[in-house]
Amino acid sequence: MTVESTAARKPRRSAGTKSTAGKRTTARNAPGTDPELVQLLTPEGKRVKSAAYDKYVAGVTPEELRGLYRDMVLTRRFDAEATSLQRQGELGLWASLLGQEAAQIGSGRALRDDDYVFPTYREHGVAWCRGVDPTNLLGMFRGVNNGGWDPNGNNFHLYTIVIGSQTLHATGYAMGVAKDGADSAVIAYFGDGASSQGDVAESFTFSAVYNAPVVFFCQNNQWAISEPTEKQTRVPLYQRAQGFGFPGVRVDGNDVLACLAVTRWALERARNGEGPTLVEAYTYRMGAHTTSDDPTRYRGDEERLAWEAKDPILRLRRHLETSNHTDEGFFAELEAESEALGRRVREAVRAMPDPDHFAIFENVYADGHALVDEERAQFAAYQASFADEGGN
């Protein structure tokens, strides 16, 4: 496969139009109807100016632009390999980030080492930026561990499966950071579907009241599994911040440079004691919600093709080429690197040892518990019965 492959399957049927509350019917993502947002690179790779945000990327060098491109390409290659491994029965499930690389890499590279990240379960690109080995992300999806990395080693929390709850964790952590007098910031990632959860609203309330140094980074990929965004909200998601008393901004989530600039701005506000910010990265999930989902049942060709034309990796490549910031040798070396990463991930997953069957009983209570001891003994007897049957 090529490093720019979207791996999107051709839909079998069209989802047509969607109705919002109030019986209003609109065509989704029709050409020329995209919402107003912060953009620094057009889909054609042309650099556009922004009076508000140019200063946050003024020092980005051609080498750093190539680095952002490399990050996105390798993240996509890892993601594609994980999807393939699940299809081969090596993983129980996989949540792909296909199409959301710019939102994750741009925001991830805006962070300082002392900032703390609270992800959901799709932030593979942010994990890459935080130095988490990609193979460590796969243990949970293979069922051999509960995360596989030390959250404090990279200031990157374990993946959170419960939708939206990590925003409360991030808010509480940020309140603690403020009380400690540190100038670091906290960022919480969630999707458009999670924005409807009560936990997220509670997080907005507490962060605003306590002026917590937290950035809420919503990747609006427009589909909460099979539900479009307009079935969840009557206004753009970033505008919800107004009701809680802090700013919100919508950024082109397929523009890595804009995501970098806007996140740097939001983090600067947090560090300066100006409180929380909601960043809505308007992007698109090119693949399935997870490998158990079939997006062809609710999305059509026209929508998918329109967003493939805005591919975040292709966008930055066009900019690099038209600006003479790279050459074919760079792309060839990166292609070889991406294939090597795919092989390493594949070999590492297949070599993962089975977990200790009794680990589930550890760390349930700080000082142990009689009921847990009883259940452990019952489970040990159950496991021993298989050995007895094998000997007969």
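Can you find, within the range 198-233, the residue that is modelled with the lowest pLDDT among those that are β-branched (Val, Ile, Thr) and open to solvent by 40 Å² or more (accessible area, probe 1.4 Å)? Selected residue: ILE225.
Evaluate the range 182-192: report whether one residue or more is closer than 21 Å to SER292 by Cα, open to solvent by 10 Å² or more (accessible area, probe 1.4 Å) and either aromatic (Phe, Trp, Tyr) or within 14 Å of the chain's Cα centre (by Cα) (or both). So far as the range 182-192 goes, yes, one or more of its residues are closer than 21 Å to SER292 by Cα, open to solvent by 10 Å² or more (accessible area, probe 1.4 Å) and either aromatic (Phe, Trp, Tyr) or within 14 Å of the chain's Cα centre (by Cα) (or both). Listed conditions (1) assigned to a helix (DSSP H, G or I); (2) under 26 Å from ARG264 (Cα atoms); (3) at pLDDT below 95 are all met by ASP183, apart from (1). Out of the residues in the range 156-171 that are open to solvent by 40 Å² or more (accessible area, probe 1.4 Å) and free of Cβ contacts under 8 Å to residues at least 40 places away in the same chain, state the one that is nearest to GLU202 (Cα to Cα). Among them, the one singled out is LEU168.
For the range 32-90, filtered to residues that are small (Gly, Ala, Ser) and assigned to a loop (DSSP other than H, G, I, E, B), the residue that is modelled with the lowest pLDDT is GLY32.
I'm told GLU81 meets every condition in (1) more than 23 Å from GLY193 (Cα to Cα); (2) in contact with an Asp or Glu (Cβ under 9 Å, 6 or more places away or on another chain); (3) open to solvent by less than 20 Å² (accessible area, probe 1.4 Å) except one. Can you identify the failing condition by its number? Going through the list (1) more than 23 Å from GLY193 (Cα to Cα); (2) in contact with an Asp or Glu (Cβ under 9 Å, 6 or more places away or on another chain); (3) open to solvent by less than 20 Å² (accessible area, probe 1.4 Å), GLU81 breaks only (2). Residue count for the range 308-354 under the criterion of being of a type in the set (Val, Ile, Thr), open to solvent by 40 Å² or more (accessible area, probe 1.4 Å) and under 24 Å from the mean Cα position of the chain (by Cα): the result is 0.
Residues of the range 222-236 include at least one that is in contact with an Asp or Glu (Cβ under 6 Å, 6 or more places away or on another chain) and among the β-branched types (Val, Ile, Thr). If the condition is being assigned to a loop (DSSP other than H, G, I, E, B) and either at pLDDT 95 or above or more than 31 Å from the chain's Cα centre (by Cα) (or both), then the range 358-370 contributes PHE358, TYR365, ALA366, ASP367, GLY368, HIS369. Just wondering, is there one or more residues in the range 229-237 that are on the phi > 0 side of the Ramachandran plot and more than 14 Å from the chain's Cα centre (by Cα)? No: the range 229-237 contains no residue that is on the phi > 0 side of the Ramachandran plot and more than 14 Å from the chain's Cα centre (by Cα).
The values are calculated or read from the model by the stated rules, or taken from the named source; none is laboratory data. Since the structure is predicted, the reported quantities are computational estimates derived from the model, not experimental observations. Positions of Cβ are backbone-derived with ideal geometry, glycine not excepted, and every protein chain shown enters the neighbour counts. Just the protein is used for accessible areas: all its heavy atoms, side chains included, with ligands, DNA and RNA removed. Shrake-Rupley method; radii C 1.70, N 1.55, O 1.52, S 1.80 Å.
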